[in-house]
Amino acid sequence: MEQFLIVCPLVFLAGFVDSIAGGGGLISFPAYMLAGVPVHVILGTSKLSAFPGSIVAALRFAKSGYIRFKLALPWAASAALGAVGGASLALKTDEKLIRSLMVVVLPVVAFYVLKNKELGGGEAPDRSEDPDGFRRMFFTGLAVSFLIGGYDGFYGPGTGTFLILVFTGLLKLGTRDAAGISKVVNLSADIGALGTFFVGGKVDYALGIAAALFCMAGSYFGAGLVVNNGQKIVRPVVMGVLALLFVKILAG
């Protein structure tokens, strides 16, 4: 019961934050760690709790016309393949090593996610209608989706934000299009990783399903907000949860 009381409210916040600007894993991962869930089970269970929320957010973006499926679907397939590879590698990696990586990498990821003052805001020009530019963008998107999908399968926090930053900065998509496509790509990666962890027997179904319901609720409310209001909510919530995590680590 203690695990549920810790994980579920924080996963609600994770879904809320993730649907606005990505980075929900920066909250959900520490939540599972604070609750004392084994590392490999965190990797599997966090995917189970995350992907229903991604479905809710993706549907709301689709309803608003912000998902370009001719880009989203191929990139999603590439991300799923990468996630299967990343998750397979994680299952072969010692749990102590992964925990050590979490302690080092989590604050680094948080720094890169939160340092962007326009996180979740602004509009990049969309130049994808040029045929040559579109082809370059399409194949570059396949490659980066595969790589970020691999990261999502092996570890995960910050995936949504990395996708948005790459889609807007490197691929020159508009912010709302990038946010919508990133939901489909992230969802596909989560499903690919979840299937791998399911086969490996590293999913806590009771905790994951309960957390998924909270994540869906958070995603629903978060996706209804204007994107450029996200930074006001993301920073204090993420920093607070990371502070709790490191207090727990220092306390042993």
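List the helices (runs of 4 or more DSSP H) inside the range 1-111, counting only whole elements, that have at least 3 residues being more than 17 Å from residue 159 (Cβ to Cβ).
In the range 1-111, the matching helices (runs of 4 or more DSSP H) lie at 2-21, 39-63, 69-91.
Output the residues belonging to the range 203-220 that are under 12 Å from residue 45 (Cβ atoms) and open to solvent by 70 Å² or more (accessible area, probe 1.4 Å). Talk me through it step by step, then tell me what you get.
Of the residues in the range 203-220, the ones under 12 Å from residue 45 (Cβ atoms) are 203-212, 215.
Matches in the range 203-220: 205, 209.
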The range 51-77, residues that are modelled with pLDDT of 90 or more and either in contact with a His (Cβ under 8 Å, 6 or more places away or on another chain) or within 24 Å of residue 28 (Cβ to Cβ) (or both): 72, 75, 76
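Look through the range 164-193, keep the residues that are part of a loop (DSSP other than H, G, I, E, B) and of a type in the set (A, V, I, L, M, F, W, C), and return whichever of them is most open to solvent (accessible area, probe 1.4 Å).
Among those residues, the one meeting the criterion is 170.
Please enumerate the residues belonging to the range 197-228 that are in a helix (DSSP H, G or I), closer than 29 Å to residue 5 by Cβ and among the β-branched types (Val, Ile, Thr).
Initially, the range 197-228 is screened for residues in a helix (DSSP H, G or I), giving 197-199, 205-223, 227-228.
Going one step further and asking which of them are closer than 29 Å to residue 5 by Cβ, we end up with 197-198, 205-223.
209, the sole residue that qualifies.
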The condition of being under 19 Å from residue 59 (Cβ atoms) and either at pLDDT 85 or above or among the aliphatic types (A, V, I, L, M) (or both) holds, among 211, 193, 189, only for 189
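β-branched (Val, Ile, Thr), surrounded by fewer than 23 Cβ atoms within 10 Å (Cβ to Cβ) and without any contact (Cβ under 8 Å) to a residue 40 or more places away in the chain: is that true of residue 6 in this structure?
On the way: β-branched (Val, Ile, Thr): yes; surrounded by fewer than 23 Cβ atoms within 10 Å (Cβ to Cβ): yes; without any contact (Cβ under 8 Å) to a residue 40 or more places away in the chain: yes.
In short, yes.
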Scan the range 52-95 for residues that are open to solvent by 40 Å² or more (accessible area, probe 1.4 Å), charged (D, E, K, R) and in contact (Cβ under 8 Å) with a residue 12 or more places away in the chain and jot them down. 60, 95
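The values are calculated or read from the model by the stated rules, or taken from the named source; none is laboratory data. Bear in mind the structure is a predicted one, so any value in this text is a computation, not a measurement. Methodologically, a virtual Cβ is constructed for each residue, glycine included, from the backbone with ideal geometry; neighbour enumeration extends over all protein chains shown. All accessible areas refer to the heavy atoms of the entire protein, side chains included, with ligands and DNA or RNA removed. Shrake-Rupley method; radii C 1.70, N 1.55, O 1.52, S 1.80 Å.
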